[in-house]
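The values are calculated or read from the model by the stated rules, or taken from the named source; none is laboratory data. These numbers come from a predicted model, not from an experiment. In this analysis, Cβ positions are derived from the backbone assuming ideal geometry, glycine residues included, and neighbour counts consider all displayed protein chains.
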Amino acid sequence: MALHEGALRVKMLFCCRTLHKFASFSGARSLSKHVSSQSVSPKPPEVADDHLIYTQEHFALKEALRKLIDQEINPYVDQWEAEGTFPAHKVFKILGNAGFLGVNKPVEYGGLGLDFSYSVAVAEELGSIRCGGIPMAIGVQSDMATPALARFGSDELKKEFLRPSIMGDKVACLGVSEVGAGSDVSSIKTKAVRKGDEYVISGGKMWTTNGTQADWMCLLANTSDGPPHKNKSLICLPMNLPGVHVARKINKIGMWSSDTAEVFFDDVRVPCKNVIGQEGLGFTYQMLQFQEERLWAVANIVTTMDSIIQETISYTRQRKVFQQPVLYHQAVHFRLAELQTEVELLRSLLYRATAMYIKGNDVTKLASMAKLKGGRLARELSDSCLQYWGGMGFTSDVPVSRFYRDSRLMSIGAGADEVMLGIICKYMDTLPRK
Amino acid sequence: MSGRVLVGVKRVIDYAVKIRVKPDNTGVVTDGVKHSMNPFCEIAVEEAVKLKEKKLVKEVVAVSCGPQQSQETIRTALAMGADRGIHVEVSGNDYETLGPLQVSKIMAALAKKEDAQIIILGKQAIDDDCNQTGQMTAALLDWPQGTFASEVTLDGDKIKVVREIDGGLETIKINTPAVLTADLRLNTPRYATLPNIMKAKKKKIANVKPADLGVNLTSKLEVLRVEDPPQRQAGMKVETVEDLVGKLKESGKV
């Protein structure tokens, strides 16, 4: 048994030799001329002192997370993508044990109480997972379903829902979008009608990441009849209550390893004390965390974009067309240079917004710009790179085709491009005046 | 009995990096290349921390010999659970020529200075593959050695070591103080968890110079040349077994 495990580990080492040739490891750009002439290798580490927002601890964090991903996640990605789901409880427990699910959450509930730059470091490193579904699922657990609870929830609620989510014992999901309401959050229809000590919930939610496996949902529902931005509340909803129906797992063109559910609520009864913070402020609470969500998504995708460029370079260097490597044709290496330039610009915007945010500034405009650019660049990049893979790019056997499918979501989810544009225009004061 | 364990950790080029020979053939390219803790040293640290968690030893001290960057390797050991670190500063030409003999002299000196009960090292480093430091350290100290350990059990003032040898597994019992070297299957190193990475910031790393330990770093070895392994030649297909035998005889292999 020990010998078998050992053999597996040695095999891992050798597999990793090929796997990691293609993986980038941090946002480092300082390529010496020796390294740049290599085919692919993990990027050399930037000196901690020179980095805009990262210290030695950030780099140590990324290394530790990277090891965890290499051993516990990446070897299974292909299988999970094929199965259309991943074992959330198992993976979240591993991450929770290592402290990666509560980086910026309060220490009293098992978090680390670190600032958002550490969350960004985690998000960046999660980009080395070889699909988009798993990082997305982790992001929901750590930075979408839990921030409002951490900030505004009662001590009792935090003990019941926040602590186990940080530890990785309970899987969380976020119930905001509905079949008829995505970008227009204020027009959701799910109702939570107060009856004595309880709310009776009816309605449904759509696009619920982790929905088929979640133990609880952070649910946004209408709790009164007032104006649409002031009549909603966030409720901690256990998913095993009678009346909660996970209707179906949605088949999507990408993010296959992440289970996405449509959920219905049939007169579900939940105690009133499960409301996070104040009744009626749910919409506001949800809006507050969007800056973080958006920067998180950008951090995640810049690492992946780096990998795809590197893998494309690797592929086109060895694939010959008309007697020379595809890469040697100027159209190809020039285009990759253009794309890499854009990735660097986006990365700079990410670090700038993060640096300002941790100092207490409102970075809504920059975060929205970064999200907008992230979604669009990912589409452009995946499309251009896929072209250079030729027929192979069209197969399921290569990373670029998975990225092409997975990355398309970024312009839609967590705030569609159009919503981002609206926010930016608001800050530019170019929207039609009333 | 001090209950103190010394663990040697070496900073090496990361196992996933594609190694490049320097154009002047004097060595390999290390500038700007990703480095990490030698995998066998990780296993050694893990074993030491496990012993401490079982309360069989009292303190785990991580030691690394090298330039400033070796401190990062020590910090990783601290994040895995070592209590404090010792950084033996070796840089420049001394570092280029640093080998197992000098390191084992340093380890022996530190073992005496720190009153160590056990020294645990990785069985070999993945850059030079020497597999000598543990054995030399034990010889210099006149301590027993349990090398290629795949299982370690403390038994009073003795240690039972199961060793991986060519023929299978060998079990020996040695007295303490002793030197152990870790083989692949000894354990699976833990991830440095985030809380421990943060705590490691506060742990102390002492700075020591080899001269302070009375160690002369002059190397008795000189590297003449470093080369790439020969390029793999294309294979040949044959139709029949007779052809195969014929070709083998032709090329002088048979």
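Return the residue satisfying two criteria in turn: it lies in the range A:55-105 and is out of contact with any Leu (no Cβ under 9 Å at 6 or more places or on another chain) and part of a loop (DSSP other than H, G, I, E, B), and of such residues it is farthest from the other protein chains (Cβ to nearest Cβ).
So the residue we want is A:Gly84.
For the subset of the range A:420-429 comprising residues that are surrounded by fewer than 19 Cβ atoms within 10 Å (Cβ to Cβ) and of a type outside the set (Asp, Glu), which member is farthest from A:Met136 (Cα to Cα)? Step through it out loud before you land on a result.
Of the range A:420-429, the ones surrounded by fewer than 19 Cβ atoms within 10 Å (Cβ to Cβ) are A:421-422, A:424-429.
Among the residues that remain, those that are also of a type outside the set (Asp, Glu) are: A:421-422, A:424-428.
Numbers: A:Leu421: 23, A:Gly422: 24, A:Ile424: 25, A:Cys425: 28, A:Lys426: 28, A:Tyr427: 28, A:Met428: 31 Å.
Looking at the filtered set, the residue picked out is A:Met428.
For B:Glu42, are the conditions met, namely being outside any loop (DSSP other than H, G, I, E, B) and either within 24 Å of B:Thr218 (Cα to Cα) or within 14 Å of another protein chain (Cβ to nearest Cβ) (or both)? Don't jump to the end; show me each part of the working.
On the way: outside any loop (DSSP other than H, G, I, E, B): yes; either within 24 Å of B:Thr218 (Cα to Cα) or within 14 Å of another protein chain (Cβ to nearest Cβ) (or both): yes.
Here the answer is yes, as B:Glu42 does meet what is asked.
Can you find a residue in the range A:248-267 that is surrounded by 18 or more Cβ atoms within 10 Å (Cβ to Cβ), closer than 22 Å to A:Lys373 by Cα and not assigned by TED's automatic domain parsing to the domain that holds A:Asp78?
Yes: one or more hits.
Please find, among B:Arg11, B:Arg75, the residue that is within 14 Å of chain A (Cβ to nearest Cβ) and touching a His at 6+ places or on another chain (Cβ under 6 Å).
Working: B:Arg75 fails: touching a His at 6+ places or on another chain (Cβ under 6 Å).
Only one candidate passes the filter, namely B:Arg11.
Return yes when A:Phe290 is surrounded by 15 or more Cβ atoms within 10 Å (Cβ to Cβ) and in contact with a strand residue (DSSP E or B) (Cβ under 7 Å, 6 or more places away or on another chain) and no when it is not. Step through it out loud before you land on a result.
Working: surrounded by 15 or more Cβ atoms within 10 Å (Cβ to Cβ): yes; in contact with a strand residue (DSSP E or B) (Cβ under 7 Å, 6 or more places away or on another chain): no.
Taking the combined requirement at face value, the residue does not satisfy it.
Among (1) among the hydrophobic types (A, V, I, L, M, F, W, C); (2) touching a residue at least 12 places away in the same chain (Cβ under 8 Å); (3) over 18 Å from A:Met255 (Cα atoms), there is one condition A:Leu114 misses while meeting the rest; what is its number?
(2)
Could you check, for the range B:55-71, whether at least one of its residues is within 14 Å of another protein chain (Cβ to nearest Cβ), within 19 Å of the chain's Cα centre (by Cα) and farther than 17 Å from A:Ala60 by Cα?
So in the range B:55-71, the residues within 14 Å of another protein chain (Cβ to nearest Cβ) come out as B:67-71.
Applying the additional criterion that residues be within 19 Å of the chain's Cα centre (by Cα) yields B:67-71.
Among the residues that remain, those that are also farther than 17 Å from A:Ala60 by Cα are: B:67.
Scanning the range B:55-71 turns up at least one residue that is within 14 Å of another protein chain (Cβ to nearest Cβ), within 19 Å of the chain's Cα centre (by Cα) and farther than 17 Å from A:Ala60 by Cα.
If you go through the range A:366-378 one residue at a time, do you hit one that is of a type in the set (S, T, N, Q), surrounded by fewer than 19 Cβ atoms within 10 Å (Cβ to Cβ) and in a helix (DSSP H, G or I)?
Let us first name the residues in the range A:366-378 that are of a type in the set (S, T, N, Q), namely A:368.
Retained after the next criterion (residues that are surrounded by fewer than 19 Cβ atoms within 10 Å (Cβ to Cβ)): none.
No, there is no match, as no residue in the range A:366-378 is of a type in the set (S, T, N, Q), surrounded by fewer than 19 Cβ atoms within 10 Å (Cβ to Cβ) and in a helix (DSSP H, G or I).
So which residues in the range A:400-419 are surrounded by 20 or more Cβ atoms within 10 Å (Cβ to Cβ) and either in contact with a Cys (Cβ under 7 Å, 6 or more places away or on another chain) or more than 19 Å from A:Gly182 (Cα to Cα) (or both), if there are any at all?
Result: A:Val400, A:Arg402, A:Phe403, A:Tyr404, A:Asp406.
From (1) surrounded by 19 or more Cβ atoms within 10 Å (Cβ to Cβ); (2) at pLDDT below 95, pick out the condition that doesn't hold for A:Tyr388.
It fails just one condition, (2).
Quick check on my filter: what residues within the range A:195-244 are loosely packed, with under 15 Cβ neighbours inside 10 Å and closer than 14 Å to A:Phe265 by Cα? Working first, answer last.
Filtering the range A:195-244 for residues loosely packed, with under 15 Cβ neighbours inside 10 Å gives A:195-197, A:225-230, A:240-243.
Within the range A:195-244, A:Asn240, A:Leu241, A:Pro242, A:Gly243 qualify.
For the range A:306-315, state whether one or more residues are touching a residue at least 60 places away in the same chain (Cβ under 8 Å), farther than 30 Å from A:Ala148 by Cβ, among the small types (Gly, Ala, Ser) and out of contact with any helix residue (DSSP H, G or I) (no Cβ under 6 Å at 6 or more places or on another chain).
Of the residues in the range A:306-315, the ones touching a residue at least 60 places away in the same chain (Cβ under 8 Å) are A:306-315.
If we keep only those that are farther than 30 Å from A:Ala148 by Cβ too, we end up with A:306-315.
Retained after the next criterion (residues that are among the small types (Gly, Ala, Ser)): A:307, A:314.
Subsequent filtering for residues that are out of contact with any helix residue (DSSP H, G or I) (no Cβ under 6 Å at 6 or more places or on another chain) retains A:307, A:314.
Within the range A:306-315, one or more residues are touching a residue at least 60 places away in the same chain (Cβ under 8 Å), farther than 30 Å from A:Ala148 by Cβ, among the small types (Gly, Ala, Ser) and out of contact with any helix residue (DSSP H, G or I) (no Cβ under 6 Å at 6 or more places or on another chain).
When you scan the range B:169-189, do you find a residue that is crowded, with 18+ Cβ neighbours inside 10 Å, over 21 Å from the mean Cα position of the chain (by Cα) and of a type in the set (Gly, Ala, Ser), even just one? So that I can check it myself, show each step before the final result.
Pass one, the range B:169-189, residues crowded, with 18+ Cβ neighbours inside 10 Å: B:177-187, B:189.
Subsequent filtering for residues that are over 21 Å from the mean Cα position of the chain (by Cα) retains none.
The answer is no, given that none of the residues of the range B:169-189 is crowded, with 18+ Cβ neighbours inside 10 Å, over 21 Å from the mean Cα position of the chain (by Cα) and of a type in the set (Gly, Ala, Ser).
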